[in-house]
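For reference, the structure is listed below as structure tokens.
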Amino acid sequence: EHEDKEEELQPRDPVVVVMGHVDHGKTSLLDAIRKTKVIEGEAGGITQHIGAYRVKIGGKPITFLDTPGHEAFTAMRARGAELTDVAILVVAADDGVMPQTVEAINHAQAAKVPIVVAVNKIDVPGANPEKVRGQLTEFGLVPEEYGGDTMFVDISAKQNLHVDKLLEAVLLTADAELDLRANPDMDARGATVEARLDKGRGAVATVLVQQGTLHVGDAIVAGTSYGRVRAMLDENGQPMEAAGPSTPVQVLGLTSVPTAGDLFLVASDDRAARQIAEKRQATERAAQLAKRRKVVSLEDFKKKFAESEIDMLNIVIKGDSSGSVEALEDSLMKIEVSDEVGIQVIHRGVGAITQNDVNLATVDKAVIIGFNVRPNRQVADLAEREGVEIKYYSVIYRAIEDIEASLKGMLKPEYEEVVTSHSE
Ligand code: GDP
């Protein structure tokens, strides 16, 4: 524990997330900001998607988390990461407040994160920004022009209209409502924003430094993974030696892939980092075993089944990045069909579908979901022999739709995948 003294604290930049209903323009807005406002005006803009990026508005930097939507936001919070200072709520002026708009408001308010409203798509004929203002007052978001304290900015993400004004509103809101300071002169701490396994470079994690300064050569622990920072890259792929508070940075050198939202900290040396990580791994294994025993215990299951007719759909999720796996799991857990059936994610992980996954699915009668990942041929054959179903998705909504339909017993296969050959 480090108690910051008043004189150690220095101003830091705000960290911003974009939320809102599907198709209201979250991705378009993030793209528009990225394209036009890249820090230092690097030619060609930010070429890499590392999970976060920084832009400058009037000389002041803002850090954006590049995964839109409240699913990722909430999954991270669930792991203890409070990364966000300000939330931009995107509401399409031609559509108005929709269910996920309300969810986003609830999540932001639960996290006590101030909201700036971006009323988007004002270029669309029939768009009605005033209606959006009226609707949102019901949720406690009262525009300044109506005497409230929430800033509303009418924009068009597609035509890059008033995006500057929106960013200024974010800075104003941060200045007015928040005391954004951190101590840059201590060992770094922060949270993992995104992580993946790269074929050539090993585990690659984007972390956001929240306190202190991260240096190349530091020994770090992130969740159950550990390692020494071999290199750090910014969103343009440029090497960095040090990263201070509110800076997102891609870290190479971890021995395994952490999960989005995992907190990281610098340890005194490599040995300490490894010991902390191994202790956490052991705890996690024990917790998972405890969880699994419940699932496979026939007695327990029968009892539950007899009492309230609980039936579980067991699922194994494998995906190409920890962010997508977390988001998918989170959304699946929210599906509600009836009291008689439920869903349980018995295993999740980053990387290809392995023999282990298939074995687990065989034992627990689970369905495997591959999100942008596939098994190799041996594993696919094994799954076929064992009768384990593997479903592949690249869009979260499709996966959720299918699972929802299957719980209702009304999934009609539209596409069937037929393997005709394998090539190497
Ligand atoms: P998301 O699901 O919230 O990330 O929404 P997207 O950014 O994917 O946008 C959904 C659709 O709305 C896309 O077809 C965009 O081209 C379109 N769109 C986004 N912003 C605007 C806008 O300002 N004006 C218009 N006319 N279309 C927009």
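State which entries of Lys56/Lys165; Lys56/Lys131; Lys318/Lys391; Lys279/Lys334 exceed 21 angstrom in Cα-Cα distance in the structure shown.
Pairs exceeding 21 Å: Lys56/Lys131; Lys279/Lys334.
Please give the length that would be gained between Asp31 and Glu241 if that part of the chain were fully extended, namely 0.36 nm times their separation in residues minus their C-alpha to C-alpha distance (nm, one decimal).
Extra length from Asp31 to Glu241 when fully extended: 72.9 nm.
Work out the P(r) tail for segment 109-164: percent of alpha carbon pairs separated by more than 14 Å, whole number.
Tail of the P(r) past 14 Å holds 55 percent of the pairs.
Of all beta bridges DSSP finds with both residues in segment 72-200, what is the antiparallel percent, to the nearest 5?
Among the beta bridges of segment 72-200, antiparallel pairing accounts for roughly 10 percent.
Normalised radius of gyration for segment 159-287, please: alpha carbon Rg relative to 2.2 N^0.38 Å, two decimal places.
1.19
Within the set of other residues whose C-beta is less than 9 Å from the C-beta of Ile155, count the net charge using Lys and Arg as +1 and Asp and Glu as -1.
Once all neighbours under 9 Å are counted, the net charge is +1.
Which shape class, rounded, prolate or oblate, goes with segment 175-221 when its Cα gyration tensor gives a ≥ b ≥ c as root eigenvalues, a/c under 1.5 marks rounded, and past that a/b bigger than b/c marks prolate?
Note, shape of segment 175-221 comes out oblate.
Under Stokes-Einstein, with the Kirkwood radius over Cα pairs standing in for Rh, what whole-number D in µm²/s applies to the chain at 20 °C and 1.002 mPa s?
Using the Kirkwood radius from Cα pairs, D works out to 92 µm²/s.
Taking amide hydrogens as modeled 1.01 Å from N in the peptide plane, which residues meet the under 5 Å criterion relative to Gly342, leaving out close sequence neighbours?
Those qualifying (amide H under 5 Å, at least 5 residues apart or on another chain) are Asp311, Met312, Leu313.
Taking the convex hull of the Cα atoms, report for segment 1-160 its projected area averaged over all directions, in nm².
So the Cα hull casts an average projection of 11.4 nm².
Which percent, nearest 5, of DSSP beta bridges in the chain are antiparallel?
55
For an R0 of 51 angstrom, estimate the FRET efficiency from the Cβ-Cβ distance between Arg181 and Asp381 and round to the nearest 0.05.
0.35
Add +1 for every Lys or Arg and -1 for every Asp or Glu among the other residues with Cβ under 13 Å from the Cβ of Met333, and state the total.
With Lys, Arg at +1 and Asp, Glu at -1, the net is -4.
Gly319: net charge of surrounding residues, Cβ under 14 Å, Lys/Arg +1, Asp/Glu -1, itself excluded?
-1
Dipole of the chain, Cα-centred, from +1 at each Lys and Arg C-beta and -1 at each Asp and Glu C-beta, to the nearest 20 debye?
1120
Please report how far the C-alpha centroid of segment 209-262 lies from that of segment 104-169, rounded to the nearest whole angstrom.
Each part reduced to its Cα centre gives a spacing of 34 Å.
Give the aspartates and glutamates reachable from Lys199 as a straight Cα distance under 13 Å; neighbours fewer than 8 places away on the same chain don't count.
Asp320
Rounded to the nearest 0.05, what FRET efficiency do Glu8 and Lys56 have when you use their Cβ-Cβ distance and R0 = 25 Å?
With R0 = 25 Å, the Cβ-Cβ based efficiency is 0.45.
Quick check: from the Cα gyration tensor, does segment 155-234 come out rounded (a/c under 1.5), prolate or oblate?
Because a/c hits 1.5 or more and a/b fails to exceed b/c, segment 155-234 counts as oblate.
Where a number appears in this text, it was derived from the coordinates with a stated rule and is not lab data. Quick caveat: nothing in here was measured; it's all calculated off a predicted structure. Quick reminder, even Gly has a Cβ in these numbers, built from the backbone with ideal geometry, and neighbours come from all protein chains shown.
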